[in-house]
Each structure stands twice: as C-alpha cells, then as structure tokens.
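Structure first, commentary second.
The values are calculated or read from the model by the stated rules, or taken from the named source; none is laboratory data. In this text the structure is predicted, and so the values were computed from the model without any measurement. Glycine also receives a Cβ, built like all others from the backbone with ideal geometry; neighbour counts cover every protein chain displayed. Calculation scope for accessible area: heavy atoms of the full protein, side chains included, ligands and nucleic acids excluded. Shrake-Rupley method; radii C 1.70, N 1.55, O 1.52, S 1.80 Å.
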Amino acid sequence: MKLDSKIPSGAIHEKWSNRKFELKLVNPANKRKYKVLVVGSGLAGASAAASLAELGYQVECFCFQDSPRRAHSIAAQGGINAAKNYRNDGDSVYRLFYDTVKGGDFRAREANVYRLAELSVNIIDQAVAQGVPFAREYGGLLDNRSFGGAQVSRTFYARGQTGQQLLLGAYAALSRQIGQRAVKMFPRTEMLDVVVVDGHAKGIVVRDLQTGEIRTHAADAVVLCTGGYGNVFYLSTNAKNCNVTATWRAHRRGAGFANPCYTQIHPTCIPVSGDHQSKLTLMSESLRNDGRVWVPLKKGDKRKAADIPDNERDYYLERKYPSFGNLAPRDIASRAAMTVCDEGRGIGDTGLGVYLDFRDSIQRLGKDAIAARYGNLFHMYAKITAEDPYSQPMRIFPAVHYTMGGLWVDYDLQSTIPGLFVCGEANFSDHGANRLGASALMQGLADGYFVIPYTIGGYLAGQKPGSVDGKRPEFAQAAANVAEMTKRLLGIKGKRTVDDFHRTLGKIMWSKCGMARSEKGLREAIAAIQALRGEFWQDVRVLGDGMTINQSLEKAGRVADFLEFGELMCRDALERRESCGGHFRDEWQDDGEARRDDQNFCHAAVWEHKGAPKDAVRHQEQLHFENVHLAVRSYK
Amino acid sequence: MTGNTTMKLILHVWRQQKRSTAADFKQDGRMVRYELDGVSPDMSFLEMLDVLNERLIRKGEEPIVFDHDCREGICGSCSLMIDGEPHGPQSGTTTCQLHMRSFRDGAEIWIEPWRAKAFPVVKDLMVDRSAFDRVVQAGAFISVNTGVSQDANAIPVPKADADRAFDAATCIGCGACVAACKNASAMLFVGAKVSHFLHLPQGRVERETRARNLVAAMDKEGFGNCTNQNECEAACPKEIPVRVIAEMNREFLRAKAVEEPPSKKRVGGDG
Ligand SMILES: Cc1cc2nc3c(=O)[nH]c(=O)nc-3n(C[C@H](O)[C@H](O)[C@H](O)COP(=O)(O)OP(=O)(O)OC[C@H]3O[C@@H](n4cnc5c(N)ncnc54)[C@H](O)[C@@H]3O)c2cc1C
Ligand code: SF4
Ligand code: FES
C-alpha cells in the first residue's frame, strides 16, 4: 500500500493556493459528462452533493434515512468554530490551526489542519447566505461562545441545535439541486459495497431498504460521507443507525483504514440509567462555559449536592488545569472524571457520575440568561432524568461520542483507492488523536463545500467520462456478493437477537478499548470479539425476508461489520504503544497524564485489509511538525 | 430517578405487512394486542418498543417496524400516534423523548402510524414522508451557490427578526402537524419554512416565488386545507406557533398581487 499524502509545496499558508493552482481543471462544458456518487447526506455529503451539482457534475446522492435532512449531523448541539476574530480577542487562522494541532495531540497532518482553519471563515459566510439563523447580539451581529481547548471565543452557534440549522442549510442547497434535477436523491438506500474496476472506484452496490432490491450504480468517482463508527460501542451519543459499513466495506476493497483506535469520549453526557438503555445523550460542551464541574472531596459522600458546602467540594478541573479550568479539552476532562470516580468520589446511585453545576452562573447572570443560552439542553435533561437542572446540578458522565479514525485520505481527500474520496467524520484527516469541540461541523462543511469541489476535478480531468459502464463483470460480481450475504444472514435462523450481539460487543469495547487500554485487556478483547463473531454467524436470528423493510436485517449487516472492525480497533490500540489524545494506555502515563512517544509513534497507522482483521497489515504515514513544534500538551 | 418498580402494559399496535395501496388505508393492516411486563419508568417509549421487539423475535414473530434515529428529539424520524395523539400525551415532546413514567402501571396504549393521504404507510408504524422533501425542493431555500457569499457580518439582522426566523427554523419535519389535522394539512410545516426565510434579509429576495412555489407543491402532494383548528400547533413537538400559517397566507396573497415574473422559470442556480 502506497501512502502518498500529496502535501503541496510552499509555506503552510501557501499550500492550499498552490494545490488549487496545480490541480487540473475540468472544462465547464465537460462537467456534465461526469457522474459522481455521493454516499451520505450529512453536513459533508449534502454540502458536497450540492456544490458538485452547482458546478455542473451529474450527482447521485444516497442515505439510509427516509430523508437526507435526518442525517446524524442534525443532532450536533453546541456550535461550529471559525477564525473570524469578530471578538477581537486575538483569534486568527494561525491560532485555530495551532489549537487544533495541539488539541489533536500532534497526531494530525499540519497541511490539512491549516487548510481547515483557512476555510473555516468561508463556511460561516456561506451558512449565513443560506439563511442559517445563528445566534446574534442585540446589534444584529453574530454572537460567539467558547469551547474547550481554546482561550478565544470563536464558536458560532444556533441555540443548542447548531447541527440542525447547518444541516438544514446544506439540505436546502441540496434540495434546490434535486428540484432542478441536477442531483438524483436515493433515500432509504444503503450502500453495501464499492465497485473497483481496474484499480479505480467506479461505482457502488446498494440495497433499496423498502423493496430489498440490490442494484449497482456506475460513475466516474465515488465520495463517501458516511459518518463515524462510535456505535461499535453500542452505547454512544451517535444516532442509533450510525454504522461503519460503508467505510468498512471500502476498506475490504482496498482503502486503507487510519487510526481506528482514536475515539473520543465526551465528558458531559447523561449517565446510563439501566440495562434497557439504547443510546446516550450528550449535554453539549458549551455548558462548560457556565457550568462548573465538581465531586465531593470526601469518598462516598452521599449528601445531596445542595447540602455539601463549598469547602467540601472538589472543583477538580479548575484545580488541576487552572488556565483552562472547566474548558479543558475533552480527552483530559473525561479522564479526570474517570479518575475521581475510580477514587470513589463519583456521585449518583452508581457512583459513575460527576456534577455539572449552574448555581453560580444562575446567581451571577440570572435564570433567564441561562435559559436563553441553554434552554433546550436543560429541557432535554429534565425530560430524560426527571430532574430540574436549574435547581440541582446536572449529573454527567463520559460517553463515546466521535471517532477521529477513519479511511486514510491524502491532501486531496482521496483514499488509497483512486477515485474514492472520503469527507467528514468518515475520513481520518484533521483531528489527530483528539478532536476539539465545534470542529467536526467545521470539517464536514469545509470538506464538502470547499475542498472536494476542487480536488475531485483534479482526478476527473485525468479520466475519460463514462469510461466504465455498469455492464463490466465487477458490478455483477459485487452485487452477487451482497445478495449472498443477505441470504446468509436470513438463513442462520439462530437464537440470539442482533441487538444482543451488539450489546455484548459494546461491553467488550467499552471495558477494554474505551477510556483506558492495556496490553492485557486488548488481547482479551481481541479473543472475545473473534469468539463472538463466530457465534454471530452461527446463532443470530433475523426473521422475515429481504423483500420489504426489514430493520433486523439492516442491523445484522451493520453488526457483522462492527464485529470485524472492533477487532481491528483493538489491534490498532494494541500496536500504538503510547498514550495520545483519546487513546490512553495504562502503561504509558505520568500520574494520569498521557505520555506520548514521538520517537516511535509520530505517525498515522494505516491498515491494509488482507482477508481477516487478524491479518491486516499496518503501514505508517510519518507526520512532520514544521510549524507547531512537538511539545508536551499542557492545559495547566 | 424513579425506583426499581416496573410496569405492566397492554399495547395495541398497528401491524401492516405491505405498503398502503387503498385510499381507505385502514383496510391494509390491523391492530394487534400485546402484553408487556418489566417496563421501567425510566425507559423511553422507543426503548419500551425495543424490549417488545426483542421478545417478539425470541418468540419467532417479526418485530414491529418504526422509524427512529437520533432518539433525542431532533432528527424528526420518530413518529407514532399514541392513544390518538401524535408523539403521545406530553406537549413539546417527540416520541423518542417520551418516557414511560408518563404512563401508569397497567395502562392500555394504542399505537398507530401517522394517517394522511400524502403519507402512505410503508410497513407497520413507518410512513413515507417524502412529500415534505418534494415541497422543500420546490422553493424552501435561498438560491445561493457555494462560494459566492459576502462576509457573514455584512448584513446585520435585528435580534428580534433572527429570533423569529429561528423559532420557525426549529421544525424537525416530523409530520405530526399533518397527522394531527383532520384535513391532513401541511400548513404548519410549510408555514414554518416561509416564516424562517421571511424574517431574514437574505430570504426576502425570493419571497414571491417561494410562496407561490411552496403552496403549489403542497397542493400537488395532496395535503388538505387549513380550517383553523390549531390541532397542529398543539401536536408540534417543537411548538411551532400557528402565526407562521398566517404569515404564509399573507405572503401568498402578496405574491399573487405582485405580478408574475415574465419568465416563469423558477429562480435558481445554474444547475
Ligand atoms: C450528539 C452529538 C452532538 C454533536 N455536537 C457537535 C457540535 O456541537 N459541534 C461539532 O463540530 N460537532 C458535533 N458533533 C459531531 C458532528 O455532529 C459529526 O461529526 C458530524 O456531523 C458528522 O457529519 P458527517 O456528514 O460526516 O456524517 P453524518 O452526519 O453522520 O452523515 C452520514 C450520512 O451517511 C449516510 N450513510 C452512512 N452509511 C451509509 C450507507 N452504508 N449507505 C448509504 N448512506 C449511508 C447516512 O444516511 C447519513 O446521511 C456532535 C455529534 C453528536 C453525536
Ligand atoms: S411543524 Fe412541528 S409538527 Fe410539523 S413537521 Fe415541523 S416540527 Fe413536526
Ligand atoms: S428519533 Fe430523532 S426525533 Fe425522535
């Protein structure tokens, strides 16, 4: 597997301009002869599909929800970063770049991160022009808030539903193109394979979820915008149907998978309430602008929060990280929460929780001001827990939230399969080992609106339009494989439900490949996953047929992939013998702080499929830090 | 938190194998009775259905199909008529955010899909809401291509306008308003779109074409008329106010008064 990152020449701030100039252009009159398949309609997919259609390409777009508007991006709450410096507080493109590289614990590619910071400002302009109703101040100008890992206020937001408002903007742009027949939309359609012809991605296999029909679509290039794989843990803040299938099956066809072990555990989620729990709910990081995190000083203190006086409370983030305080980055805040719970100072029935307390800010600013900022989050919290966060502190606990790993892409966002591009959370590009809050929305939209429209042209310009048609045998072969797998899943007729397998896998992943990882635990996890996978293919029960909506069948295919992917994740975690960002190895720490090993691990690990997860081969893309110098990350 | 007590429920659930065909859609399926015990008051309504589904599968019966995804009240996937009310008894709440503590132990609960001509049932409790997408495609957007916009702060928007636009923009496209309406009217949904753009300077440029095109698309999809019952507002989980319907009516009349543009070609990009 050859990993050519194609980082352009020149100083960091010239690279993107240089690349745009180097890329070959497709003549405007020829654009309509090329067809591009965009899989996914979240921020990355909707923005890519709309922008490519505006340029004149023929676009087909796919999603498994009933409408493109329902992609998981809709659930993002807190905000989107941009280096606008509207606050005059010292922000700049360079500072956003710096914060992101440092926040990612020096495991991202500098050139990509710089471009992301550069494009961030265009996103806000674009969104406002589309009618995205960002929060405004009384003077009518845009408002900002702060997010973790930054000392400037650069986060734009739309109450607690920034994701929905940005996605509706992208969905509106996409809808306009669908209305003009420039994009053909296929909702309730699941991509189940990539078709590779002569080494290039030239199509996909899909299953129509309503009729069960298995079809192929041929094109000149394919763009995957299929989101992250956090649901490998079963419980996460992701929407229930998020999965790894599209990227995993592309991986099986030859796309390198980078850093699968990098997962983000978000410090502020509502704790688990029982075995029936089907997903976890995030309480946005923005709450840490005004909420203070604490636990009792004494072990096993079961008094009500209000009865614990200030001098018996431990505001541990403020204590340990005085310069960032409650706005320490996510990986650090999550681990700190785990540490106090391990010490027996966790709160609630289970002892797995910490307080996020608004008492002081309500006293300072008044209840109305807090309600205006976070009303819908407080409302959501009250609904789920039946507790009132205005009068008692929220109980929160870390939960799986985001996946920094993903398909490896070069600077042009092209995977190791030529013609297969990957945008948004599905790729591994910009966040290194830890993502800063409000940066995923920024990345998805930068990729879709402003990167792929240029870089895909560079690829297409070298391809004859329509050079591969769907009659090539590779298409029928790939479709037959998908049909065969469907038949096999329906034919097992075992005893255990799909969810049952998924829950078991989730428990293995959370306990051995979650917040802290060790050589021993990871080896146990790998063995357990292999055994579980064997059992799955013997004993899973999928009822019904493949000819109408069959949600168990859909889930079964996804869980089958998670059962392979989970093993690769554990192997990646095992081989990364250091702690960095969201990847914390018990063996590499200094009193609970991560100990990175730049000598041996300053690289992205890229896995090549060789038939089974245990045989996957690990490659490396060496990372070079020429602008932000490698240093121990400190938020003290 | 509620204690360890569990509840027992009797559920009547609409089961339908195939997509609705008949105009009289109530003929295509039937209500089936299930008894379910061990329900925790902390479960969400959908988690309760998950539990039922797992039990059905273990018994060899096909699980009940229903749309869901985010399970936190924002994606608009979940639906369900619960005891005749869209999204159930609690105001301002989607089905996925409804918790079993809102029901009493021993309750009998009737669960049906959205009922509307424009929303055919796909299977069991799942309906086809693509009519909403087609209405949006007809004009619920600002015609701006990627990359041509000016600085985001170039046009200040008074906070009150921005807030009004925002209140309308919170619609999650769930369709409860249509399901609640005896005429199966989509006026609250479409009004929310109109209102969102109406209160923003960027959106006002295309106000006439938008109003005309959206109303035409809504009629074409077979949604009914509004007779001011206000059931939609009561059912809407995002509490979209009925004022958006008045705004839409005004916009439509205004658009009719303004002469049609010489070319009827829809204002759009260069596709
Ligand atoms: C609760 C929550 C809150 C968040 N808040 C923030 C925030 O405040 N700020 C921030 O920056 N980030 C936030 N994030 C992260 C951010 O929302 C996501 O990383 C981002 O939206 C992902 O966008 P995407 O376009 O890459 O993928 P998604 O939005 O996940 O879209 C994936 C798309 O791919 C489709 N798809 C997937 N597989 C297939 C397949 N096999 N076939 C066909 N279609 C397929 C899906 O249908 C969907 O359309 C949050 C995440 C969560 C979970
Ligand atoms: S207006 Fe309310 S009820 Fe109607 S679709 Fe929107 S959110 Fe749902
Ligand atoms: S499942 Fe998303 S709103 Fe209910």
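How shielded is A:65-77 by partner chains, expressed as the average number of their Cβ atoms within 10 Å of its Cβ atoms?
Numbers: counts 6, 13, 9, 2, 8, 11, 3, 4, 1, 9, 7, 1, 2.
Rounded to a whole number, the mean comes out at 6.
How big is the Rg/Rh ratio for chain B, C-alpha atoms only, Rh by Kirkwood, two decimals? Don't jump to the answer; show the numbers that get you there.
On the way: Rg = 21.1 Å, Rh = 20.3 Å.
Result: Rg/Rh = 1.04.
When N is the residue count of the range B:7-123, what does its C-alpha Rg come to as a fraction of 2.2 N^0.38 Å? Display every interim value, and only then the final one.
Details: Rg = 13.9 Å, N = 117, 2.2 N^0.38 = 13.4 Å.
The reported ratio for this selection is 1.03.
Would you mind checking which residues have amide H under 5 Å from A:Asn241's amide H? H placed 1.01 Å from N; only 5 or more apart, or other chain.
none
How large is ³J(HN,Hα) for each residue in the range A:128-141, as worked out from phi by the Karplus curve 6.51 cos²θ - 1.76 cosθ + 1.60 (θ = phi - 60°), to whole Hz, x for Gly and Pro?
Rounded to whole hertz, the list is 5, 5, 7, x, 5, x, 5, 4, 10, 8, 4, x, x, 9.
If amide H atoms are built 1.01 Å from N in the plane of the peptide, which residues on other chains or at least 5 residues away come under 5 Å of the amide H of A:Met404?
A:Thr263, A:Gln264
When the accessible area of the range B:1-92 is split by element with a 1.4 Å probe, what percent falls to carbon and sulfur? Numbers along the way, then the final one.
Numbers: 1860 of 3890 Å².
In the range B:1-92, the share of accessible area belonging to carbon and sulfur is 48 percent.
Work out which residues of the range B:69-88 lose at minimum 20 square angstrom of accessible surface when the other protein chains are put back, relative to the chain isolated, with a 1.4 angstrom probe, and list them by number.
B:Asp69, B:Cys70, B:Arg71, B:Glu72, B:Ile74, B:Cys75, B:Ser77
Just report the Cα centroid separation between the range A:106-126 and the range A:404-453, whole Å.
11 Å
So which residues of the range A:492-540 lose at least 30 Å² of accessible area, probe 1.4 Å, when you go from the chain by itself to every protein chain present?
Going by heavy-atom accessible area, the residues of the range A:492-540 that drop by at least 30 Å² are A:Thr497.
Compute the Rg/Rh shape ratio of chain A: radius of gyration over Kirkwood radius, all on alpha-carbon atoms. Present the calculation step by step, with values, prior to reporting the outcome.
On the way: Rg = 23.6 Å, Rh = 24.8 Å.
A ratio of 0.95.
Between chains B and A, what is the buried accessible area summed over both chains (1.4 Å probe, protein heavy atoms, nearest 100 Å²)?
Working: alone 14340 and 24000 Å², together 31600 Å².
Counting both chains, the buried surface is close to 6700 Å².
Helix A:551-575: angle to the longest alpha-carbon principal axis of chain A, degrees 0 to 90, nearest 10?
Rounded to the nearest ten degrees, it is 70.
Binned at 10 Å from 0, what are the whole-percent values of the Cα-Cα distance distribution for the range A:208-354, short to long?
9, 29, 28, 17, 10, 6, 1
Given just the C-alpha atoms of the range A:97-252, how large is their convex hull per residue in cubic angstrom?
Values: hull volume 29.1 nm³, N = 156.
Given the Cα convex hull of the range A:97-252, per-residue volume reads 186 Å³.
Under a cut-off of 13 Å between alpha-carbon atoms, report the aspartates and glutamates in cross-link reach of A:Lys493, not counting same-chain residues fewer than 8 places apart.
Cα-Cα hits under 13 Å: A:Glu535, A:Asp539, A:Asp545, B:Glu61, B:Glu62.
May I ask you to derive the relative contact order of the range A:70-128, considering only C-alpha pairs under 8 Å and at least 6 residues apart, and to give it as an integer percent?
On the way: 36 pairs, mean separation 21.2, N = 59.
RCO, the range A:70-128: 36 percent.
B:Pro156: net charge of surrounding residues, Cβ under 11 Å, Lys/Arg +1, Asp/Glu -1, itself excluded?
Numbers: positive: A:Arg136, B:Lys159; negative: A:Glu137, B:Asp161.
Surrounding charge for B:Pro156 is 0.
Under 8 Å for C-alpha pairs, at least 6 residues apart: give me the relative contact order for chain B, rounded to a whole percent.
Details: 467 pairs, mean separation 49.5, N = 271.
Normalised by residue count, the contact order of chain B is 18 percent.
Express the carbon and sulfur contribution to the solvent-accessible surface of chain A as a percent, rounded to the nearest whole number, probe 1.4 angstrom. Kindly include the intermediate steps, with their values, before the conclusion.
Details: 10230 of 20610 Å².
Looking at chain A in its full context, I get 50 percent from C and S.
Using each residue's phi in the range B:103-108, evaluate 6.51 cos²θ - 1.76 cosθ + 1.60 at θ = phi - 60° and report the 3J(HN,Hα) Karplus result to the nearest Hz, with x for Gly and Pro.
In residue order, the calculated couplings are 10, 9, 4, x, 5, 9 Hz.
How about the range A:11-78: which trypsin sites (Lys or Arg not before Pro) there lie in a loop by DSSP and see at most 10 other Cβ atoms within 10 Å?
Numbers: sites: A:Lys15, A:Arg19, A:Lys20, A:Lys24, A:Lys31, A:Arg32, A:Lys33, A:Lys35, A:Arg69, A:Arg70; in loops: A:Lys24, A:Arg32, A:Lys33.
In loop regions of the range A:11-78 (DSSP not H, G, I, E or B), the sparsely surrounded trypsin sites (Lys or Arg not before Pro) are A:Lys24.
Just add up the charged neighbours of A:Lys33: K/R +1, D/E -1, any other residue whose Cβ is under 13 Å from the Cβ of A:Lys33. Walk me through the numbers on the way to the answer.
Numbers: positive: A:Lys31, A:Arg32, A:Lys35, A:Lys464; negative: A:Asp220.
So the surrounding residues net to +3.
When only C-alpha pairs under 8 Å and at least 6 residues apart count, what is the relative contact order of chain A, in percent? It would help to have the intermediate numbers written out before the result.
On the way: 1419 pairs, mean separation 131.8, N = 636.
Relative contact order of chain A: 21 percent.
Order of A:191-200, A:85-94 by packing, highest average Cβ count within 10 Å first?
On the way: A:191-200: 20.3, A:85-94: 15.3.
So the order, starting with the most tightly packed, is A:191-200, A:85-94.
Need the list of lysines near B:Lys220 for cross-linking: C-alpha distance under 21 angstrom, and skip anything on the same chain fewer than eight residues off.
Partners within reach: A:Lys184, B:Lys117, B:Lys182, B:Lys193, B:Lys256, B:Lys264, B:Lys265.
Would you mind checking the range A:530-570 for residues with the amide N under 18 Å from a putative spin-label position 7 Å along Cα→C-beta of B:Lys18?
Residues passing the 18 Å test: A:544-550.
Using +1 at the Cβ of each Lys and Arg and -1 at the Cβ of each Asp and Glu in chain B, identify which of B:Gly106, B:Ala131, B:Cys174 lies farthest towards the dipole's positive end.
Going by the Cα projections, it comes out as B:Ala131.
Which value, in Å to one decimal place, does the Kirkwood hydrodynamic radius take for the range B:153-219 when every pair of different Cα atoms is included?
Working: mean 1/r = 0.0777 Å⁻¹.
It is 12.9 Å.
Counting heavy atoms of the protein chains only and a 1.4 Å probe, report the per residue accessible area for the protein assembly as shown as a whole number of Å². Don't jump to the answer; show the numbers that get you there.
Details: 31600 Å² over 907 residues.
Value for the protein assembly as shown: 35 Å² per residue.
For A:Lys367, list the lysines whose Cα falls under 24 Å from its own Cα; do not include residues on the same chain fewer than 8 positions away.
Reachable lysines: A:Lys304, A:Lys383, B:Lys159, B:Lys238.
For the Cα atoms of chain A, what angle does the longest principal axis make with the long axis of helix A:498-513, in degrees from 0 to 90, nearest 10?
60 degrees
Cα centroids of the range A:168-222 and the range A:303-323: how far apart, whole angstrom?
Cα centres, the range A:168-222 to the range A:303-323: 52 Å.
Mind listing which GluC sites (Glu not before Pro) in the range A:304-352 are in a DSSP loop and have 12 or fewer other Cβ atoms within 10 Å? Before the final figure, lay out each step's value.
Details: sites: A:Glu312, A:Glu318, A:Glu343; in loops: A:Glu343.
Hits after loop and neighbour filter: A:Glu343.
As an exercise, identify the trypsin sites (Lys or Arg not before Pro) in the range A:299-408 lying in DSSP coil whose Cβ has no more than 14 other Cβ atoms within 10 Å. Don't skip to the answer; put the middle values down first.
Details: sites: A:Lys299, A:Lys302, A:Arg303, A:Lys304, A:Arg313, A:Arg319, A:Lys320, A:Arg330, A:Arg335, A:Arg345, A:Arg359, A:Arg364, A:Lys367, A:Arg373, A:Lys383, A:Arg395; in loops: A:Lys299, A:Lys302, A:Arg303, A:Lys304, A:Arg345.
Within the range A:299-408, the qualifying trypsin sites (Lys or Arg not before Pro) (loop, at most 14 other Cβ atoms within 10 Å) are A:Lys299, A:Lys302, A:Arg303, A:Lys304.
What's the angle, to the nearest 10 degrees (0 to 90), between helix A:519-539's Cα axis and the longest principal axis of chain A?
Taking Cα atoms only, the helix is inclined about 50 degrees.
List the residues whose amide H sits under 5 Å from the amide H of A:Phe421, counting only those 5 or more places along or on another chain, with H placed 1.01 Å from N in the peptide plane.
For A:Phe421, whose amide H was placed from the backbone, the distant partners under 5 Å are A:Val222, A:Val223, A:Leu224, A:Ser415.
Only protein chains counted, 1.4 angstrom probe. Which residues of the range B:24-68 are at least 50 Å² less accessible in the assembly than when their chain is isolated?
Relative to the lone chain, where solvent access is computed with a 1.4 Å probe, the range B:24-68 loses at least 50 Å² at B:Glu47, B:Glu54, B:Ile57, B:Arg58.
Inside 10 Å of the C-beta atoms of A:371-384, what's the mean count of C-beta atoms belonging to other chains? Could you put the intermediate results ahead of the total?
On the way: counts 0, 1, 0, 0, 0, 4, 0, 0, 4, 4, 0, 0, 11, 6.
Per residue, the average neighbour count from other chains is 2.
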